[in-house]
Structure formats: C-alpha cells, structure tokens
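These notes concern the structure reproduced below.
The values are calculated or read from the model by the stated rules, or taken from the named source; none is laboratory data. What you are looking at is a predicted structure, and each value in this text was computed from that prediction instead of being measured. With ideal geometry, Cβ positions are generated from the backbone for all residues, glycine too; neighbour counts draw on all protein chains shown. All accessible areas refer to the heavy atoms of the entire protein, side chains included, with ligands and DNA or RNA removed. Shrake-Rupley method; radii C 1.70, N 1.55, O 1.52, S 1.80 Å.
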Amino acid sequence: MWTRKVALLAGAVVLSATLTAPVAVAHERGLPLGPRGLSESRTTETLQAGVTLTTIVRGAPDPADTWTVEVAVPGGGGSPDPDAPPTAISAREPADRLAAVLRAGGFESRVEDVVTPRLADFSGGSLGFRVRVGSYSTKAAADGQLAQARGRGFTASTVFTGWDGSPADRGPWVVRVLTIDPRTFRGSLAGDFGPDLERRETTSALVAARGATAGVNAGFFVLDPASGAPGDPAGVGVYGGRLLSEAVNGRPSFVFNGHGRATVTRNTWKGSITVGRRTLALDGINRVPGLIRNCGGLGDTPTTRPLHDTTCTDPDELVAFTADYGVSTPAGPGAEAIVDSHNRVVTVRTPRGGPLPAGTRSVQATGAQAAELTTLARPGQKLTITSRLTGARSDYVINGGPELVRDGHQHATPAADGMVRPNDPSFYYGWAAKRNPRTIAGVDERGRVLLVTVDGRATTSLGLSIAESAAVAQALGMRAAINLDGGGSTTMVAHGHVLNTPSDATGERPIGDAILVLPRT
C-alpha cells in the first residue's frame, strides 16, 4: 500500500498533510523555474521502504507563449537522430537575407538574437540568430503557415516559444523525483540492459522483466544502425560489476552500488591484448568496430575528444566481445580470435562475425590490425584480454553528460563533455540551450539517490535547458548530479505504468539501459 503526502512551501514554513490529491498553492521558494511566486504543488508517495516518488507541478500555461514557424537558415546538415536539432542558427547577415526573402514572398518574418547563460565551461552570450514567421495561438494555425513555407521550398518546423528557455515563462513544468534513502532502503538498485547490449527495450519492459518497483531510462546509446548496433551504450557501461562498454574518455558517469550508495565521477578506459611478448591496445568493448558513438576513443577521426551525438570512425581497430553483446558478434571484413575461459585461442575466423560458443570471448580486428591479429593469435596460444577503468567504480556505472552539480554548486560542463560543436551553434541551441525532456541522476547531502524526469516538448510541460537542469538539480538538494539521456528517451515507470508522457510521437521509446529500483527479495 502506498502512502501519499503533499508538502507545500509557504515562505519559510513547511506544511504537510496526508491527502489523496495534490494541492497547488503559490509560494516564494520552490524550483528555480519562471518568476517567483508561481504556484507549485508537490505530491509525495512511498513506493517501498526507503523509496518515495514526488511529483512537482510548477506554474501554468502562459498566454504569452505561442506557436511559430522556425525557418532553417541554408547551409546546415541533417541527422537520422530524432533528437537532433534542426539547423536554425546563423550569423546576422544570412539570417537577415533569409528574412528578406521570406518577406518578399509574403511571410511575416523576424530575426531573433539567441542569447544563452554562462555555464561552468561555456561563456554563453549570443549563439547567433534565428528566423521565425508568425505567431499563432494554436499549433494547427502554425502548421498551416508551415505548409505554405514548405510549399515555397523553405526548410521549416513549427515550434512553441515556451520551449525557448526564457526565464520569464510561467510554465507549466512537470517534474518527478524518485528518492532512494540507503539508510532505510532494503531493496536493491540496479542498472539493466535487458537480454543483450545490441537490442533496445523500453524502460517499462526492463522494469517488468525484473519485477522492479520503479525505474528510469539511463545512459546514451546507439540509435542509428549506421552508427553501430542500436541499443549499445554510447559510453561506459558497468553492470553487476562487469565492465561491458568502454568509456567516452573523460566524460562523467553515474556510479552506484546495489544498496543505493552513489556518486558522479569521470572515467577513462584502457584495454589491451597480450600474446606472447606482444601487447596491442584495444579500442573498445562490445561495439561495432570502426564506429565510435560520441567519440572520445583512441586514434579516432575527426577527434579523440568527446563529441556528443557524433559517430567517429577508425578503420584499424581491435574490439573485445563478450556473450553480453548479442546473439552474434558483428559481421564484416577482418579477423576474429575466439578465446576460451583459460585465455587460450580456440580458433581465428575470417571474415569476422558469428555466434560465440559457450564460455568464450573474442577479439575482432579490422584494417591493418586484422593481419596483426591473425599473425599473433594461433589456436592453442594464450591470449590475455585486459580492461581497466579509472575513476570511481562500483556495481554499476552508467554513462551520461554533461555534469550538472559538483560539491553542491551548479557546474554544467557542456564544452568538456562534447555538447559544444565547433562552428555548429545550432547543435548547442537545440540540445542544450532550448528546453527538452530531461532525465537527471544525483545524490544529496544525506546520501540519498535522486532520479528525476522532466517532461518536455509539450505545452503541458515545457522541459528544461541544460542551465535549468543544473539549477533544478541543485534546488532539489543534490551535491552531485549528471544529465542522463533525455529527449524522447526520458521515461519514468512506477505502479507498473509509465508515469510521464514520452515525447516521441510513437510513444515510449526503446532505449539502451535503465536504472531500476528492485524490491526486497
């Protein structure tokens, strides 16, 4: 049986009562979203010993927010990722030219300067200029103007101005917070990717498969088959103490054990294989060779630094595989050494790819590394695979970024974590500056784990920018916090149901992994 409590802040006084529904009252202290004095309700219920769910609704629809048509300035590129932002930002001159062309065609166009706040490692200020047409009270009316613009050959989309990130917006925002207190928690906390790494499952399916009390989506993952195996973590992945995916070197991660003790750290990874007196560096674990999602690897092009939502490449790689990857290892040109539990080479197959016999692992080689592997790894020889992760380690390590809070202070790091792309302000605009659905994980001063989802891309909940995510995490009491995968991936499940409203038109998105709250066994 769940218990439900509503806590209402009124000045410095905290009022609480056992209720069956939330009550909204205006109060001066609450989430740092919108102007002071907005109404804010907080409904808290106990899911199991040591685990509560708090639903926060702040603000109400703002008549000042309208629908408009945003026209892409020529010169940008596309992406198959449904969360990839459109090409919308440019210098003033091309934006003015586009606006003039639109006006000549009978459209009421305007040019707007996009100004963003300073963050821990990003100076903020003007990102550039966007071009918009019209202002409409309904999406249907804006869609009518959109059809006309597209009919004239313009690339455009309808957007809601409440998603821009203005501090003057009055909401609403819907925030859900799972709190796990390790002092009274008697269940277990787990990261789970399902039957194998290379396939995607919904958060609700992962919750149901483990009989979890609750869960949220977790790390970034490969979505596009052209970038690797869909579902494979796009960064570090440690599950049950086993390192199954290498780090995007230098990026932050959420680290926790089964008892609910957690922290945020930054990881680097190194791996190698040794055959006789020869040692060769590994490039990765359990991913398609040659494709490095989010970059940050060894000898990758165009960069060895983290670069979010970018797939770097490397034609000459060594990648280790475990049976956790999937039914078969990736097929393609190159070679693959199968290694048994005694670190002896069973066979070397060319081309690479196929099922792994029970109790074996493998190392795949591509490009110049393939000839090296086939020369060194002969059946019966000893081949030792070494894999080391630096930074805090525990039962579970989940990839994410950027960092949001450090030592109780707002500390958003989009530049270090690859969300600031050189010569591409449109990516930062769409991914970090604008409001989107967000999933956040952190730990507070009392050692409690907080798992947060914020709905977005809707008029019923605006979402958060990265700057707002850091502010909200701090306001919720987190001393360390990290942004996890968001957008259409953002999902929270409890009571056996999806609690939030995922933003994808198709509903709940299949994801790579989830953080699960398991009952006591």
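Could you go through the range 354-365 in sequence order and give the Karplus-derived ³J(HN,Hα) for each residue, using 6.51 cos²θ - 1.76 cosθ + 1.60 with θ = phi - 60°, rounded to whole Hz, and x for Gly and Pro?
Calculated HN-Hα couplings, in order: x, x, 9, x, 3, x, 10, 10, 8, 10, 9, 10 Hz.
Taking Cα atoms, how many degrees apart are the long axis of helix 466-475 and the longest axis of the chain, rounded to 10 and kept between 0 and 90?
80 degrees
Using 1/(1 + (r/R0)^6) with R0 = 22 angstrom and r between the beta carbons of Thr347 and Thr313, what's the FRET efficiency to the nearest 0.05? Provide the component values of the computation, followed by the final result.
Values: r = 28 Å, r/R0 = 1.29.
Here the calculated transfer efficiency is 0.20.
Where does the chain land at 222 nm, in deg cm²/dmol rounded to the nearest 500, when only DSSP H runs of n ≥ 4 count, each adding -39500 (n - 2.57), divided by all residues?
-3000 deg cm²/dmol
Using a 1.4 angstrom probe on the protein heavy atoms only, line up Val115, Val454 by accessible area, largest first.
Ranking Val115, Val454 by accessible area, largest first, yields Val115, Val454.
Give me the accessible area per residue for the chain, probe 1.4 Å, as a whole number in Å². Numbers along the way, then the final one.
On the way: 20580 Å² over 521 residues.
Accessible surface, normalised per residue, equals 39 Å².
Could you compute how much accessible surface His497 exposes when probed at 1.4 Å, giving the result in Å² to the nearest 10?
Roughly 120 Å² of His497 is accessible to a 1.4 Å probe.
Please work out how much length the chain gains when fully extended from Val115 to Thr459, using 0.36 nm per residue of separation minus the C-alpha to C-alpha distance, in nm with one decimal.
121.6 nm
Starting from the Cα of Ser166, move 7 Å in the Cα-to-Cβ direction to define the label point; list residues of the range 99-125 whose amide nitrogen is under 18 Å from there.
Within reach of a label on Ser166: 109-117.
Round to a whole angstrom and tell me the spacing of the C-alpha centers of the range 405-459 and the range 497-521.
Between the Cα centre of the range 405-459 and that of the range 497-521, the gap is 19 Å.
Listed highest first by mean packing, meaning other Cβ atoms within 10 Å per residue, what order do 229-239, 378-388 come in?
229-239, 378-388
Which aspartates and glutamates have a Cα less than 19 Å from the Cα of Lys382, not counting those fewer than 8 places away in the same chain?
Glu336, Asp340, Glu372
Taking square-rooted eigenvalues a ≥ b ≥ c of the alpha carbon gyration tensor, is the range 94-140 rounded, prolate or oblate, where a/c under 1.5 means rounded and, failing that, a/b exceeding b/c means prolate?
It is oblate, given that a/c is not under 1.5 and a/b is not larger than b/c.
Quick check: the distance between the Cα centres of the range 270-347 and the range 159-226, to the nearest angstrom?
First find each Cα centre; the distance between them is then 28 Å.
What ³J(HN,Hα) values, in whole Hz, does the Karplus curve 6.51 cos²θ - 1.76 cosθ + 1.60 give for the range 161-169 when θ = phi - 60°, with x put for Gly and Pro?
Per residue, the Karplus-derived 3J(HN,Hα) values read 5, x, 8, 6, x, 5, x, 7, 4 Hz.
How high is the relative contact order of the range 293-380, in percent, with contacts defined as C-alpha pairs under 8 Å that are six or more residues apart?
Once normalised by length, the contact order is 28 percent.
Would you work out the relative contact order for the chain, in percent, from Cα pairs under 8 angstrom that are 6 or more residues apart?
Once divided by the residue count of the chain, the mean separation gives 19 percent.
Suppose every K and R has +1 on its Cβ and every D and E has -1 on its Cβ; what is the size of the dipole of the chain about the Cα centre, in Debye to the nearest 20?
940 debye
Using the basic label-point model (7 angstrom from Cα toward the beta carbon), what is the Ala331 to Arg199 distance in nanometres?
Each label point is offset 7 Å from its Cα along the Cβ direction, giving 1.7 nm.
Could you tell me what percent of the accessible area of the range 263-324 is made up of carbon and sulfur, with a 1.4 Å probe and every protein chain present?
54 percent
Could you tell me which of rounded, prolate or oblate describes the range 124-276, using a ≥ b ≥ c as the square roots of the eigenvalues of the alpha-carbon gyration tensor, with rounded for a/c under 1.5 and, failing that, prolate when a/b is larger than b/c and oblate otherwise?
It comes out prolate by the Cα gyration axes.
Once phi is turned into ³J(HN,Hα) by the Karplus curve 6.51 cos²θ - 1.76 cosθ + 1.60 with θ = phi - 60°, what whole-Hz value does each residue of the range 447-461 show in order, with x for glycine and proline?
For the range 447-461, the Karplus curve yields x, 7, 7, 10, 10, 10, 10, 10, 5, x, 6, 8, 7, 8, 7 Hz.
Once a ≥ b ≥ c are taken as the square roots of the eigenvalues of the Cα gyration tensor of the chain, is the result rounded (a/c under 1.5), prolate (a/b larger than b/c) or oblate (a/b not larger than b/c)? Don't jump to the answer; show the numbers that get you there.
Numbers: a/c = 2.23, a/b = 1.31, b/c = 1.69.
Taking the square roots of the gyration eigenvalues as a ≥ b ≥ c, the chain is oblate.
I'd like the FRET efficiency for Ala368 and Ala141, computed as 1/(1 + (r/R0)^6) with the beta carbon distance as r and R0 of 60 Å, rounded to 0.05.
Working: r = 59 Å, r/R0 = 0.98.
FRET efficiency, Ala368 to Ala141: 0.55.
Averaging sequence separations of C-alpha pairs under 8 Å and six or more residues apart, then dividing by the length of the range 156-270, give the relative contact order as a whole percent. Mind dumping the intermediate values first?
On the way: 131 pairs, mean separation 24.2, N = 115.
Reported relative contact order: 21 percent.
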